[in-house]
Every structure is written in structure tokens, then in C-alpha cells.
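Each value in this text was obtained by applying a stated rule to the coordinates, not by laboratory testing. Worth saying up front: this structure is predicted, and the values here are computed from it rather than measured. Heads up, the Cβs are rebuilt from the backbone with ideal geometry, glycines too, and the neighbour counts pull from every protein chain shown.
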Amino acid sequence: MAHPLIIQGGMGVAVSGWNLARAVSRVGQLGVVSGTALAVVLARRLQLGDPDGCLRHALERFPFPEMAARVVSEHFIPGGKASNAPFKLTPMPTLQSCPALDELTVVANFVEVFLAKEGHDGIVGINFLEKIQLPTLPSIYGAMLAGVDYVLMGAGIPRAIPGVLDRFSNGAAAELKIDVEGALPGEEHSTRFDPASFCGGRAPKLKRPQFIGIVASATLAMTLAKKSSGRVDGFVVEGETAGGHNAPPRGPMQLSPAGEPVYGERDVADLAKIAALGLPFWLAGSYGRPGRLGEALRLGAAGIQVGTAFAFCEESGIDPVLKRQVLAMSRVGTARVFTDPMASPTGFPFKVAQVPGTLSEANQYEARERICDLGYLRHLYRRSDGSIGYRCPAEPIEDFVRKGGCAEEAVGRKCVCNGLPGTIGHVQVRPGGIEERPLVTAGNDVASIAQFLGPGRESYSALDVIQRILGADGEAGADAAVPCGGGQPAELGRTVS
């Protein structure tokens, strides 16, 4: 089978949106949409008025019109909400199925993938985090309804996902075991999604997408290859310089004088062992520089995954003001990230770009009233009576402790659920007109993204990134920005066998 040379990373909350993924897919590489909290993203885009009509265009193609109509009726605001009005909240994910949230989640994932795939014959993937378990099943089903070609998943050990893809492709129900802190031996908790029930009778057979596990070690790659519930089709091998969540260092956590996790030789993936599994793999983590694709190929990789370079291109979802700010910092050599061992409620180290005015500044975060109202990174825990509770290290510390959490675990945690939507301009407005601050994540390569700017240019496109990585010269095909429903793909660095 042919494989893409470049996988565009799935980043943040809608940083890797459909517009970016489509721009990459149209020129022969693998464009990937972020599947994180898409129910929130769709609801807020509709509340902003869907000014170009693309969302409603995609909703008209959803195979169950009455569901799409309910989503529009519940969230669409003609002309958009007032700038000082808060976004209407979506239900928080829970172990018990919430039909309205399940429906919104399926529809949202369909819309994102549908728009990314429209108007070309390229391939499109979707990226999920294993740590966000509760919405996983309806998210996958929505993406599959839109014909997604690849599912990529990291931030954990997603052994159950290949089997879920197999079952959904055949119209069968699937279950997913859910982690519950304090569960007693023999106690198991799971979520279930039944396509037939969702579709009102008989579920259609769907294309089974390729599954790519995102790993940081040969041990994890071997575990996924040999112990997953179904076929694994390849791996992204991610180093600690990549953006977003990083795998923790092996062994006891040690911090540098600057307060960042210290990674050593044990944390470097054994590529020979991964290659011996006989599956394609892509290298990630500071591979968005010219020359590094060739290096990856010489190491036996099928190609590379690139995130940060695409995160700040014209087609990405990051708010344009933030893009300009970070690009200006890269130009003068002040752009950097901090690998924060405490920021994410997941407990994984999290790369935070150091951007003035965002939650990277201690005073900005300390001034924020701690609140948990989206709930995607809440931990499930067993109460003394056997029922399930929800707590988040980023919620008010007294609430977290009251629910059995440890106060020390809450110190320094940031509300990733509210910070990441702020990065794409979906800033929540609190009482008194106080606005949530964005939280920007990026890889170490943020220091060098100015390399993609041509003479006299203030921005660069996804195509500029691909051309520079592949060493292509001149113009290559159609504009990356294509209106809903239009355009044909250009071929640039087509997938190779």
C-alpha cells in the first residue's frame, strides 16, 4: 500500500481544523483534523454565526437530517452571538450516555471530516487522545460516517481502538473500557455505542480506516502490534520535542534547573525494534526542518509527522493575532516552549508556548478563577458507596480535595479544556466581562517557524511548508484555500510505496 511522506499532526482543539487538513490532503500528503472536543467546537462555531456557511453546508450532507436540524436549532445564532456574550455550554461527558451530547459529538466529527475531504481525492485522518475516553466511541463513529481514511491515537495505550474500528465498519456495537481511579479488583466500567440504535434501526457498513498508534517507545509499539483488539496499520514515533502532550520520562521524574522533565537515553525509541514489527512508521518531534525527511527515510521510516510548522500557517485554526505574535517572536529569536510537568490534568508533561498575555504567564493563570465547566479531562473515581464521581486537578482545589484528590496534585494545573479553545478564538466570557486566556501549545520547532516566511511576507501557507520539506520549487497546483464544495487536488510529493 502507498503511504504519505508527510503526516500533518493533529493539534490542539481545532488548530488542525478541516481547512488545514484539506490544504495538506489536496497536495498528496495526509491531512489530519484534531478530534479533541469537536462537540464544543461545532457548537461554538455555530454560535459565532457560521459566516461562510460551510458548517451548514456539511450539516445538510449528514445522513440523518433530523439530527442535523436539532444541532442547528440548538446552537446556531444568525449573525453570531454578541462579542461580550458567553458561549452556551455543551453537556459535560459522563459515564452514563447523554443522547444530546452523543448526537452532537457524532455530528461534529462528521462535519469536520466531511469538510476536510470535500473537493479532492486525497486522504484525511483524525487524531484522538486516549486520555479523553468518554467521547471516543461517538467521535470515531461520526468520523467514519464521513469516510475518514486514518485514525491516529496517542497519549496512552489505545489497544481497544482497532477492534472498535472493525466493529463499527460492520455496523456492530462497540464497548470501551474506562479508567476509574480507586476501582476495586474485578470492577470494570465501560461506555457503549450502538450504531444500529443511533441510526434508528439498521446501521450502514462503513469503510474501516487505517489505525496509526502514536508511541514514544519500541515497547509500546510492540504492545500495540501484538496485543491490540484488531489490526494496527502503523505508528507515529514521537520524540519529546513534539508539541502537546509528551510521554513522561522513563523512571522517576527528574526536573532540570528550569523545572522541565529530564529525558535521557532510555527515552529514545529503538527504531530497529519498531522496524522489525514490519509496519510502516513515521518520525515526529522537530522533523519539520529541511533535510529531516531524508534523515527519517534513511532510518527506515515511511516519512515524518509535522505539527508545529503547520500550526502557525495561514490555514490553521490558531487566532490570527496569536499567529502574528508567535511569528514575530520566532523572527527575533524569542519564541520558545516550556515542557510543563504540571500544566495538564492528564499528568503527562505538556508543551506550553511562552506567549505574553496567555496562560503561560504565571500572573495570568493565578488571576484566573478556577472553574471546570467543559470536563473533557476530568478523572473518574470510585466513591466510597461504589458510585462514580468526577474530579479534575484544575478545578477549585477545595472541590478537588473534597472529592478525595490530593492538594499537591492540583498545584500548577491549568484548565486545558478552556485554554485551548481560546487559542482558536473561541474565548469564553465570564461574569463581569472577564475573558478566558488562551493556552498555546507547540513543539520546540516554534523557534524556527520564521524560516517558512518568504521575502516581504508576514505569513506562510501549508503548501509553503510542504514545498520546503520536500524541496519542491515554484508553484504547485491550485490554491490551498478552496470554498466549500469546490476545487481539485494538486499533486505534490504524491504518496509513495
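Structure above, values below:
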{"quantity": "Within region 327-350, backbone nitrogen closer than 17 Å to the virtual label 7 Å beyond the Cα of D399 toward Cβ", "calculated": "345-346"}
{"quantity": "Proximal aspartates and glutamates relative to K207, as straight alpha-carbon distance under 16 Å, when same-chain residues fewer than 8 apart are discounted", "calculated": "D121, D149, D166, D233"}
{"quantity": "Karplus 3J(HN,Hα) series, Hz, for region 246-261 with 6.51 cos²θ - 1.76 cosθ + 1.60 (x for Gly, Pro)", "calculated": "10, 5, x, x, 6, x, x, 5, 10, 10, 6, x, 7, x, 9, x"}
{"quantity": "Under 23 Å from the Cα of K205 - lysines, other chains or at least 8 residues apart", "calculated": "K117"}
{"quantity": "Rounded, prolate or oblate (a/c below 1.5 giving rounded, otherwise prolate when a/b exceeds b/c) for region 306-401 by Cα gyration tensor", "calculated": "prolate"}
{"quantity": "Ranked L137, L101, criterion: other C-beta atoms within 10 Å, fewest first", "calculated": "L101, L137"}
{"quantity": "Debye, to nearest 20: dipole size of region 227-294, +1 on Lys, Arg Cβ, -1 on Asp, Glu Cβ", "calculated": "200"}
{"quantity": "Option label - Cα extents along the principal axes in Å computed here, alternatives (i) 86, 54, 50; (ii) 64, 58, 52; (iii) 75, 58, 40", "calculated": "(ii)"}
{"quantity": "Extension gain from V262 to V429, taking 0.36 nm per residue of separation minus the Cα-Cα distance", "calculated": "56.4 nm"}
{"quantity": "Residue exposure sequence - S34, S97 - by fewest surrounding Cβ within 10 Å", "calculated": "S97, S34"}
{"quantity": "Relative packing of 452-461, 106-115, 202-211, which averages over residues the other C-beta atoms within 10 Å, highest first", "calculated": "106-115, 202-211, 452-461"}
{"quantity": "Relative packing of 162-169, 174-181, 364-371, which averages over residues the other C-beta atoms within 10 Å, highest first", "calculated": "162-169, 174-181, 364-371"}
{"quantity": "Cα-based shape type of region 360-427, given that a ≥ b ≥ c are square roots of the gyration tensor eigenvalues and the cut on a/c is 1.5", "calculated": "oblate"}
{"quantity": "Among Q8, L137, I397 the positive-end extreme of the charge dipole of the chain (Cβ point charges)", "calculated": "L137"}
{"quantity": "FRET E, pair L297, R324, Förster distance 56 Å, beta-carbon r, rounded to 0.05", "calculated": "0.95"}
{"quantity": "Residues R468 and A276, FRET efficiency given R0 of 35 Å [Cβ-Cβ distance, rounded to 0.05]", "calculated": "0.60"}
{"quantity": "Under 17 Å from the Cα of K226 - lysines, other chains or at least 8 residues apart", "calculated": "K273"}
{"quantity": "Kirkwood Rh, angstrom, region 168-270 [1 / mean 1/r, Cα pairs]", "calculated": "17.3"}
{"quantity": "Estimated inter-spin distance, S97 and L255, nm [label 7 Å along Cα→Cβ]", "calculated": "4.4"}
